[in-house]
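The structure under discussion appears below in the form of structure tokens.
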Amino acid sequence: MSGYEAVIGLEVHVELATATKMFCSCPNEFGAPPNTNICPVCLGLPGALPVTNAAAVELAIRFGTAVGSTIGRAIFHRKNYFYPDMPKDFQISQYDEPICVAGAVVVPALDEAGPTTVRLVRAHLEEDTGKSVHVGGTGRIHDADHTLVDYNRSGVPLLEIVTEPDIRSAEQARAFVNELRAILALLGVSDVKMEEGSLRVDANISVRPAGSTTFGTKVEVKNMNSVRSVAHALEFERARQIELVTAGGAVEQETRHWDEADARTHGMRSKEEAMDYRYFPEPDLVPIAPDREWVERIRAAAPAQLPAERAAAIAAAAGLPANLAAAVAYTPGLADWVDAEVGAGADVTQAYVWASQEVLAHLNETGKTWVDVAPPPGTFVELGELVGDATLSKKLAREVLADVLVSRRRPRDIVAERGLEQISDDAELAAIVAEVVAANPDTVERYRAGNEKVAGFLVGQVMKSTAGKANPGVVQALVRSALEP
Amino acid sequence: MPATARGIASAVRSGDVSAVDVVAAALRRVEAGDAAIGSFLRTYADTALERAGRVDAAVAEGRDPGPLAGVPVGLKDVLTTEGIETTCGSRILEGWQPPYDATVVQRLRDAGAVDVGKTNCDEFAMGSSNENSAYRPVANPHDRSRVPGGSSGGSAAAVAAGFVPVALGSDTGGSIRQPASLCGTVGMKPTYGRVSRYGLVAFASSLDQIGPFALDVADAALVYDVIAGHDPMDATSIPHPVEPVTGGLDRGLDGLTLGVVEELSSGAGFEAEVLDRFRAALAEAERAGARVVDVSLPSTAYALSAYYLIAPAECSSNLARFDGVRYGLRVGADDVEAMNRATRAAGFGPEVKRRVMLGTYALSAGYYDAYYGQAQRVRTLVIDDFAAAYERADVLVSPTSPTVAFALGERTQDPIAMYLSDVCTIPSNLAGHPAISIWCGDGAAGLPVGLHLMAPALAEPLLFQAAAGFEAVLGTKAAAV
Amino acid sequence: MRITREDVVHVARLARLDLDDDELETFTGQLGDILDHAARVEALDTSGVEPTAHPVPLANVLRPDERGRCLDRDGVLAQAPEAENGYFRVPRIMDAGS
Ligand SMILES: [Mg+2]
Ligand SMILES: [Zn+2]
């Protein structure tokens, strides 16, 4: 089977992070009770008319300028087909004149193979459909008893990003989706929550003998609801197709659904006739003709670097390993915040170490986003000062930072309240050292017999009895002098 | 009690007449006379009288009740009215109560007008005789054996019968002007984008426009000034400020150049009496100081064909939403697709089905370029033709309809003959230009003939000036009842 | 290439219209006549002519991203042929759509 390679192109539907829907003023929000975020426009009532949301257009342009697309005149078309979750029985989309044409996403190296450039065909604006709930039977579509429809999602703005077939493996597809998510999140274009459907991936996949330049028959794979399932589904489909072809069979052009439960793709009931969408220009909307000034204004307001470029810059500036730098750069909002702290006087290395360790550990444990926990500006500056004047040990500083991320209080207030100041006072520490030495005569004897390593145990005992607040350098010196005969 | 809208408004504003009395009288006229005409699908007396009472209260309290204070209005049933059944003349929407008002309805009410009912029309505004209403045909008030024209036949008949002084219609290919012509009223289609389409149930979105019916030009002008203007709810609404037309009605025809459109005023389909009245009107205009020249719009030979590709294509998409899921009729079935098909089969009449089929075919794979795409290019040629003609003339003129009102049932089996009714009116819709039909006398059987005036985009002040100038020499036709 | 009965059957399926035999017969004839008439536009030389989709040349008509009022759900569902638990209810879906 190793003589074959997969050829994969992706279509990614991204829900845009606007306050309202694509063509009406209903809230664009997830999780509201069914059919509460609806109006005549997004319910497709007779007589209602769409009006384009400026913010959705600007987010599309922001994405396009970041990935090197050409931004040009765009026309909305109607894509006509009947489906109960689509209230007008046509979808307003873009067809032969999309808002973003071409561009590319560079996926950083997975291994020594080097980065992969995935070219984009286009990215276009369209409206989302409502949601169907299938009731009765097993809850799956075909054997359901009936279906319930909720139009809250109807009309939510989508950016559909279409790639060239530049991806060669399931693993590359996974890496591309991760990279794209990071870009979209960094740009503030979408919240990219796959579990809430904010980012949905469909794939076209075919196989061919390695080295061939022609394409095999492609299969469309749908219903991949997580980055993991993208990788699993495409790996399954690649293997299925290679097995078919090597056994002398042929791949059938069809749409297949990924089923997470049995980890297979399944062909859908074949349609009696191919879809005929009867596209024509949406007469209720006029063209979008972005002038250069508008596009430049949007570009200027967006972050200047994509996450991969940002990671490289952080690694260089902070002397951080590439993986830690990337972890910070791919966390929306975090690197901007850290850079502001550095600008206000925080040490760049120290700041990025805190960000890549305490902060990311906290986000991982709690499942929160940086935007949820971001503490007041100046937090790292203050923490740096507390370490600098020996008020806090580095270890205590980490503890204070953990507290800040939960409580959002200032480090100095936490230190004062919890009495965490480091004890550096010689007399106070000397008394504690004397107590520890007196309580551990065996250890003292071993030291004096030549085992100098046991001094560490005594230092530890002092730290323990001061709840870690003792200045470790001072304690070390005091212990040594107490042990010398 | 005054009969014109401006007479009523002025009497109500001065407190001489109460809006409640005016509206009650209109409702009584409908009650007494409409069984024989069928112009209204429904009236809503309680709501209307309550609204009239508020107009009277405003007058009593010294507040401005608006330029249409107390004027009873009929609304074509393709305009949404909150809480009031809106059917578009179709079974598929029977019983539907929209949750919102069309922008024009809101504007009329804000101006003090009182809508009293929803007028009959061809189903989804598709037709030229009003015989495609799912509920009942409308009779021409001047000869009840004949059609009132369509698709806004109910609005035209309601005004021609004297039930209400003004009414609103919609015009996609002539659906205001042709029935106005056949009923002897004034009917006007504004520049595309000048009046908001929000709340107008769409037939062909790039052609539809709402406009007024009245017994004379001044009343139509008064209503136009109220309904015209930008609406942020309609992305095709023109943002430029509206130049009111009511102030310029008495400027006359003197000094205007009228271009007689050769292709729209000659040929086999034109009845002799129509051409006679048309030529007589031109002679009157010349006596009143107008200059008459011949102009040509050569592409209009293709306009009707282009229209019968564009309008059905857009309608096939606009009417897809009537699928039995969210509102209106549902015919039950085992699965959703069968339910959609059965619902649409039962809910739509033959003309709607014919156009949905035609439009679906014209847009389907392989045909788009030859049909829809080509029709859109013809549209460009029509616009270019108009531009050239307006180099030579201020206003273009033709008959509104090649024929006077024809007999009920005469053309129902021959769609193409029916479509030819709109040959003079369609070019203005393709170009998006304003146009108006006024009465220019009766034919031999006492049936009205309409004069059609066309003007460039946004030239409504000029259009109304010319129409009023003609009316000054031609007179108006009195209401039938 | 006149429209055939098979074409009409296909188009009726696309348009979600159940047509009986009589209707199929009538529409095949009538659509053929109308299309013959309409097909005159095909003959016209329009090379170099731009299509007009909108009679009024506007562009960039955009709405600020500000929330407005939504409809009352009970009122909307009261107009629906069938509703259940705050949802619109429809018969089962045989075709998984697109
Ligand atoms: Mg799409
Ligand atoms: Zn909405």
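Kindly state, to the nearest 0.05, the FRET efficiency for A:Arg264 paired with C:Glu66, given R0 = 56 Å and r defined as their beta-carbon distance. E(calc), rounded to 0.05, equals 0.75.
If you take the Cα centroid of segment B:11-38 and the Cα centroid of segment A:369-431, the two points sit 82 Å apart.
Each Lys or Arg adds one and each Asp or Glu subtracts one; over the other residues with Cβ under 9 Å from the Cβ of A:Trp258, this totals 0. Net length available on complete extension from A:Glu445 to A:Thr466 is 5.2 nm, with 0.36 nm assigned per residue and the Cα-Cα distance removed.
State whether segment B:5-248 is rounded, prolate or oblate according to the following rule on the C-alpha gyration tensor (a ≥ b ≥ c being the square roots of its eigenvalues): a/c under 1.5 gives rounded; otherwise a/b larger than b/c gives prolate, and the remaining case gives oblate.
Since a/c stays below 1.5, the shape of segment B:5-248 is classed as rounded.
When both bridge partners sit in chain A, DSSP labels roughly 95% of those beta bridges antiparallel. Relative to the longest principal axis of the Cα atoms of chain C, the long axis of helix C:21-38 lies at roughly 60 degrees. For the residues B:Ser266, A:Ser229, what sequence is obtained by ranking on other C-beta atoms within 10 Å, fewest first? Ranking B:Ser266, A:Ser229 by Cβ neighbours within 10 Å, fewest first, gives B:Ser266, A:Ser229. All other residues whose Cβ lies under 13 angstrom from that of A:Ile61 are scored, Lys and Arg at +1 and Asp and Glu at -1, for a net of +1.
Radius of gyration over Kirkwood radius for segment A:426-483, both on Cα atoms: the Rg/Rh ratio is 0.93. Quick one: angle between helix A:472-483 and the longest Cα principal axis of chain A, in degrees between 0 and 90, rounded to 10, please. With both axes taken from Cα atoms, the answer is about 30 degrees. Within chain A, the longest run free of exposed loop sites, counting GluC sites (Glu not before Pro) that sit outside DSSP helix and strand states (H, G, I, E, B) and have at most 12 other Cβ atoms within 10 Å, spans A:274-485. Charge dipole (Cα centre; +1 on Lys/Arg Cβ, -1 on Asp/Glu Cβ; no other charges) of the protein assembly as shown amounts to roughly 480 debye. Over chain B, how many pairs of lysines fall under 20 Å by alpha carbon, counting only those 8 or more apart in sequence or from different chains? Close lysine pairs under the 20 Å cut-off: 4.
So what is the relative contact order of segment A:4-296, in percent, for Cα pairs below 8 Å that sit 6 or more residues apart?
25
Given their separation in residues at 0.36 nm each and the Cα-Cα distance between them, A:Ala301 and A:Lys193 gain 36.5 nm when the chain is fully extended.
Return the calculated 222 nm mean residue ellipticity for chain B, to the nearest 500 deg cm²/dmol, obtained by summing -39500 (n - 2.57) across DSSP H runs with n ≥ 4 and dividing by the residue count.
On the way: 15 runs with 181 residues, N = 481.
It comes out at -11500 deg cm²/dmol, rounded to the nearest 500.
Diagonalising the gyration tensor over the Cα atoms of segment B:328-451 and scaling each eigenvalue by 5 before taking the square root yields semi-axes of 36, 24, 12 Å, largest first.
Straight-line reach only, C-alpha to C-alpha below 17 angstrom: list the lysines that A:Lys464 could link to, leaving out same-chain residues fewer than 8 apart. Excluding near neighbours in sequence, the set is A:Lys394, A:Lys395.
Put in line by how crowded their Cβ is, counting other Cβ atoms within 10 Å and starting with the fewest, B:Val23, A:Val101, C:Val11 read A:Val101, C:Val11, B:Val23. Compared with the dominant Cα axis of chain A, that is its longest principal axis, helix A:455-465 is turned about 70°. Given a Förster distance of 45 angstrom, what is the FRET efficiency for B:Ala365 paired with B:Arg392, based on the Cβ-Cβ distance and rounded to 0.05? Approximately 0.55, to the nearest 0.05.
A simple spin-label model places the labels of A:Asp425 and A:Glu365 3.2 nm from each other, with each point 7 Å out along Cα-to-Cβ. Hydrodynamic radius of segment A:31-153 by the Kirkwood approach over all distinct alpha-carbon pairs: 17.3 Å.
A:Tyr95 sits among other residues whose Cβ lies under 15 Å from its own Cβ, and their net charge, with Lys and Arg +1 and Asp and Glu -1, is -4.
Would you mind classifying segment A:195-347 by shape? Square roots of the alpha carbon gyration tensor eigenvalues, ordered a ≥ b ≥ c; an a/c under 1.5 is rounded, otherwise it is prolate if a/b is larger than b/c and oblate if not. Judged from the Cα gyration tensor, segment A:195-347 comes out oblate (a/c at least 1.5, b/c at or above a/b). For segment A:4-296, the number of Lys pairs with C-alpha atoms closer than 21 Å, counting only pairs eight or more positions apart or on separate chains, is 14. Summarising the label geometry, the points placed 7 Å from Cα in the beta-carbon direction at A:Ala247 and B:Glu262 lie 7.5 nm from one another. Bridges between two residues of chain B, per DSSP, are antiparallel at a rate of about 65%. Membrane-span-like helices in chain B (whole DSSP H runs, Cα extent of at least 18 Å along the helix axis, mean Kyte-Doolittle hydropathy of at least -1.0): B:19-33, B:45-60, B:272-287, B:300-318, B:350-363, B:374-392, B:460-474. Across segment B:22-71, the fraction of Cα-Cα pairs farther apart than 16 Å, rounded to a whole number, is 46%. Of the residues C:Asp45, C:Asp72, C:Asp22, which exhibits the maximal mean-square fluctuation in a Gaussian network model of chain C defined by a 10 Å Cα contact cut-off? Top of the fluctuation ranking is C:Asp72. Spin-label model, B:Gln413/A:Arg480: points 7 Å from Cα along the beta carbon direction are separated by 11.8 nm. Oblate is the label for segment A:4-296, because a/c, from the alpha-carbon gyration tensor with a ≥ b ≥ c as root eigenvalues, is 1.5 or above and a/b does not exceed b/c. The orientation-averaged projection of the convex hull spanning the C-alpha atoms of the protein assembly as shown amounts to 54.5 square nanometres. The trypsin sites (Lys or Arg not before Pro) of chain C that DSSP puts in a loop, and whose beta carbon has at most 16 other beta carbons within 10 Å, are C:Arg2, C:Arg67, C:Arg69.
From its DSSP helices (H runs of at least four residues, each -39,500 (n - 2.57)), chain A gives a residue-normalised ellipticity at 222 nm of -11500 deg cm²/dmol.
The numbers here are math on the coordinates, done by the rules we state, and not lab data. Keep in mind the model is a prediction, meaning the values are calculated, not measured. Note that we place each Cβ from the backbone using ideal geometry, even for glycine, and neighbour counts take in every protein chain shown.
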